[in-house]
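Undergrad: Got a structure for you, written out below as structure tokens; questions coming shortly.
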Amino acid sequence: MTAWYVGVDLGASNIKAVVGQESGSVVSRARRRTPPGPDGDAVAEALVAATRAALDDAGVAPEAVVRCGVASIGPLDKAAGELGRSANLGPGIDRVPLTDPLADLLGAEVTVLNDANAGVVGERFYADRTPDDMAYLTISSGIGAGVAVDGRVLSGWDGNAAEVGHNTVEIGGLTCGCGADGHWEAYCSGANIPRHARHVHETEGVPTDLSLDEIDAKDVFEAADDPLAGRVIERMQAYNAAGVADLVHAYAPLVVYVGGAVARNNPEQVVEPVRERLPELVMTNVPEVRLTSLGDEATVRGALAAAITAGANDRSQVRP
Ligand SMILES: [Zn+2]
């Protein structure tokens, strides 16, 4: 009898679910928009609906699932199996139960991990270069990392290790969504790039043809010839390189996989400059910097990989 596994990804915009086998091969996928409200239960219902749709598509009964991995935006409460109040979800959404609704559907053990940790678990499972010391960095709506050190994926007591997007890159700088000042994410994440552009326009007086009240991150990257957009991209390249250098000094990875929509959609403006600048900034070993091998599925495939590996030999890799 085939052993089936489920991976689920709760993102700020989308929920994804996949059904796969022990080899990691995926047999079906489903996707839902992340509901803006009215509450956390609505989000949990969408998680269950996406999972059920993926199972139906695969012709797999819920009770045939051995284990489920669910990867989520933060902040996680791993003990409760819940997502706490997130700045990236609707204002009415307080807590989102993750473990219980999926365990009820599947009658299986559910492993919860943060989305960036899922990224590194996924790369370790699927990529062709998987040294014991490696990292996955996501530059998306937010910025975060998952790291493996000495062959163990670091979790931290609350599951929030390596939240490098909240490293300070500018003392007293722009206020981050978390409330603190000068964080990397406040300048370079997809959600914050428009604010960064307005900040540079106001403080440096760089002219622009962009409608600053209406732009999104894509507009900035597409307008690279605009003086303001060009300046913002140049500043982001410096911050991204500094942020990755911090990651390297903290965790000593041999390879850093970079994913997330901002990086994947603009590799020449986001990933390549990090690769070029890193040797000047790093005093230890300079790692290889690669674009993720898993496209826009790094998180959900990582959740699947976590489900597959959680019960096996390596309990340390993904703590339930
Ligand atoms: Zn922050």
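The values are calculated or read from the model by the stated rules, or taken from the named source; none is laboratory data. Since this is a predicted model, take the numbers as computed values, not measurements. Heads up, the Cβs are rebuilt from the backbone with ideal geometry, glycines too, and the neighbour counts pull from every protein chain shown. Please note that ligands, DNA and RNA were not included when accessible areas were found on the heavy atoms of the full protein model with its side chains. Shrake-Rupley method; radii C 1.70, N 1.55, O 1.52, S 1.80 Å.
Undergrad: With a 1.4 Å probe and all protein chains kept in place, how much accessible area does MET236 have, in Å² rounded to the nearest 10?
TA: Probe radius 1.4 Å; accessible area of MET236 about 10 Å².
Undergrad: Using each residue's phi in the range 64-74, evaluate 6.51 cos²θ - 1.76 cosθ + 1.60 at θ = phi - 60° and report the 3J(HN,Hα) Karplus result to the nearest Hz, with x for Gly and Pro.
TA: In residue order, the calculated couplings are 8, 7, 7, 7, 10, x, 10, 10, 9, 4, x Hz.
Undergrad: Once amide H atoms are placed 1.01 Å from N in the peptide plane, what residues at a sequence separation of 5 or more from GLU109, or on another chain, have their amide H within under 5 Å of its amide H?
TA: Result for GLU109 returns CYS68.
Undergrad: Largest first, what is the accessible-area ranking of ASP104, ASP226, ASP77, ASP181 with a 1.4 Å probe?
TA: On the way: ASP104 130, ASP226 20, ASP77 55, ASP181 75 Å².
Largest to smallest exposure gives the sequence ASP104, ASP181, ASP77, ASP226.
Undergrad: Between 0 and 90 degrees, rounded to the nearest ten: what's the tilt of helix 193-204 against the longest Cα principal axis of the chain?
TA: Helix 193-204 and the main axis of the chain meet at about 20 degrees.
Undergrad: To continue, here is another question. Rounded to the nearest 5, what % of the DSSP beta bridges within the chain are antiparallel ones?
TA: Numbers: 28 of 50 bridges.
Here the share of antiparallel DSSP bridges comes out near 55 percent.
Undergrad: Using protein chains only and a probe of 1.4 angstrom, how many square angstrom of LEU105 are accessible, to the nearest 10?
TA: 30 Å²
Undergrad: Roughly what angle does helix 40-58 make with the longest principal axis of the chain, taking Cα atoms, 0 to 90 degrees, to the nearest 10?
TA: 60 degrees
Undergrad: Which net charge results for the neighbourhood of GLY142, defined as the other residues with beta-carbon distances under 10 angstrom from its beta-carbon, given Lys and Arg at +1 and Asp and Glu at -1? Could you put the intermediate results ahead of the total?
TA: On the way: positive: none; negative: ASP115, GLU163, GLU185.
Net local charge, GLY142 excluded: -3.
Undergrad: Here is a further query. I need the fraction of alpha carbon pairs in the chain separated by more than 31 Å, rounded to a whole percent.
TA: Values: 15230 of 51040 pairs.
Tail fraction, whole percent: 30.
Undergrad: Separate question: How much accessible area does ARG277 have with a 1.4 Å probe, in Å² rounded to the nearest 10?
TA: For ARG277, solvent-accessible area is about 80 Å².
Undergrad: Still on this structure, please answer the following. Assuming 0.36 nm per residue, please report the length gained on full extension of the stretch ALA250 to GLU222 beyond their Cα-Cα distance.
TA: 6.8 nm
Undergrad: Let me ask something else about it. Using only alpha carbons, build the gyration tensor for the range 130-292 and give me the equivalent ellipsoid semi-axes, biggest first, whole Å.
TA: With the √(5λ) rule applied to the range 130-292, the semi-axes are 28, 16, 13 Å.
Undergrad: With every protein chain left in place, what is the accessible area per residue of the range 130-292 in square angstrom, probe 1.4 Å?
TA: The answer is 43 Å² per residue.
Undergrad: Whole-Hz ³J(HN,Hα) for each residue in the range 164-172, computed from phi via Karplus 6.51 cos²θ - 1.76 cosθ + 1.60 with θ = phi - 60°, x for glycine and proline: what do you get?
TA: So the J values, rounded to whole Hz, are 5, x, 9, 6, 7, 10, 8, 4, x.
Undergrad: Leaving out ligands, DNA and RNA, what percent of the accessible area of the chain is carbon and sulfur, probe 1.4 Å?
TA: Details: 6120 of 13200 Å².
With neighbouring chains kept in place, the figure for the chain is 46 percent.
Undergrad: Give me the mean projected area, in nm² to one decimal, of the convex hull enclosing the Cα positions of the range 45-168. Each step should come with its number before you reach the end.
TA: Values: hull surface 36.2 nm².
Projected area, direction-averaged: 9.0 nm².
Undergrad: So what's the angle, to the nearest 10 degrees on a 0 to 90 scale, between helix 267-281 and the longest Cα principal axis of the chain?
TA: 70 degrees
Undergrad: Relative to the compact globular guide of 2.2 N^0.38 Å, what is the alpha carbon radius of gyration of the range 133-182, as a ratio?
TA: On the way: Rg = 12.5 Å, N = 50, 2.2 N^0.38 = 9.7 Å.
Normalised Cα radius of gyration, the range 133-182: 1.28.
Undergrad: Quick query: amide H of LEU210 versus all other amide H atoms, modeled in the peptide plane; which residues come in under 5 Å with a sequence gap of 5 or more or a different chain?
TA: Sorted by chain and number, the residues that satisfy this come to none at all.
Undergrad: Local charge sum around LEU254 (other residues, Cβ-Cβ under 14 Å, Lys/Arg +1, Asp/Glu -1)? Don't skip to the answer; put the middle values down first.
TA: Details: positive: ARG124, ARG129, ARG290; negative: GLU123, ASP128, ASP132, ASP133, ASP150, GLU288.
Neighbour charge sum, excluding LEU254 itself: -3.
Undergrad: Provide the per-residue ³J(HN,Hα) series for the range 223-234, in order, calculated from phi with Karplus coefficients 6.51, -1.76, 1.60 and θ = phi - 60°, each as a whole number of Hz, with x at glycine and proline positions.
TA: 9, 4, 7, 5, x, 5, 4, x, 5, 5, 4, 4
Undergrad: Residue farthest toward the positive end of the dipole of the chain, with Cβ of Lys/Arg at +1 and Asp/Glu at -1: which of ALA162, ALA103, LEU113?
TA: About the Cα centre, the residue reaching furthest to the positive side is ALA103.
Undergrad: For n ≥ 4 DSSP H runs only, could you compute -39500 (n - 2.57) per run for the chain, divide by its residues and tell me the 222 nm figure to the nearest 500?
TA: Working: 10 runs with 120 residues, N = 320.
My calculation for the chain gives -11500 deg cm²/dmol from helical runs alone.
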